[in-house]
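Scroll down for the structure; my scribbles are underneath it.
The values are calculated or read from the model by the stated rules, or taken from the named source; none is laboratory data. Here the structure is a predicted model, which is why all the values come from computation and not from measurement. Cβ placement follows ideal geometry from the backbone for every residue including glycine, while neighbour counts extend to all protein chains displayed. Only protein heavy atoms, including side chains, enter the accessible area calculation; ligands, DNA and RNA are left aside. Shrake-Rupley method; radii C 1.70, N 1.55, O 1.52, S 1.80 Å.
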Amino acid sequence: MTTKSPITDIHAAEQKAKKHIEDAKRKDDKKIADTKEKEEAKLLELEEKLRTEGKESFATAKKAAAEKADSRLKTGKSDNKGMMKVAQGKIDSAVEKASSAFTEYTQQ
């Protein structure tokens with residue numbers, strides 16, 4: 001007949017509890033590492049998505065700005081041509097008046 005002492009039972013229970021704690025800690029560490037790896041992958045994917053969307057947004061904005069600038073340039077050129085025609089008309093009118101005045105002066 002074998003008898004166990006209560007101290008041996010306590011020691012065995014303590015060893016079992018320590019092993020259980022260590023196993024749980026390893027499992028938690030593994031879970032944490034896996035979760036960290038997954039979240040880092042998600043973050044990298046999100047960063048890449050934002051870079052792509054940012055490039056697309058920048059390209060769209062750049063294209064819109066170029067179109068607006070071209071439109072304004074065309075409008076400016078058109079306005080400039082109109083003003084040049086008006087100015088040329090005024091110059092021609094002034095030359096004609098001066099010519100007429102000079103002709104009248106010389107005929108007197």
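If you go through segment 88-98 and keep only what is open to solvent by 60 Å² or more (accessible area, probe 1.4 Å) and polar (S, T, N, Q), you end up with just GLN88. Against the criterion of being under 31 Å from the mean Cα position of the chain (by Cα), on the phi < 0 side of the Ramachandran plot and hydroxyl-bearing (Ser, Thr, Tyr), SER78 does not qualify. Return a yes/no flag: does segment 6-24 have any residue that is exposed (fewer than 10 other Cβ atoms within 10 Å of the Cβ) and either part of a loop (DSSP other than H, G, I, E, B) or at pLDDT 90 or above (or both). No, every residue in segment 6-24 fails to be exposed (fewer than 10 other Cβ atoms within 10 Å of the Cβ) and either part of a loop (DSSP other than H, G, I, E, B) or at pLDDT 90 or above (or both).
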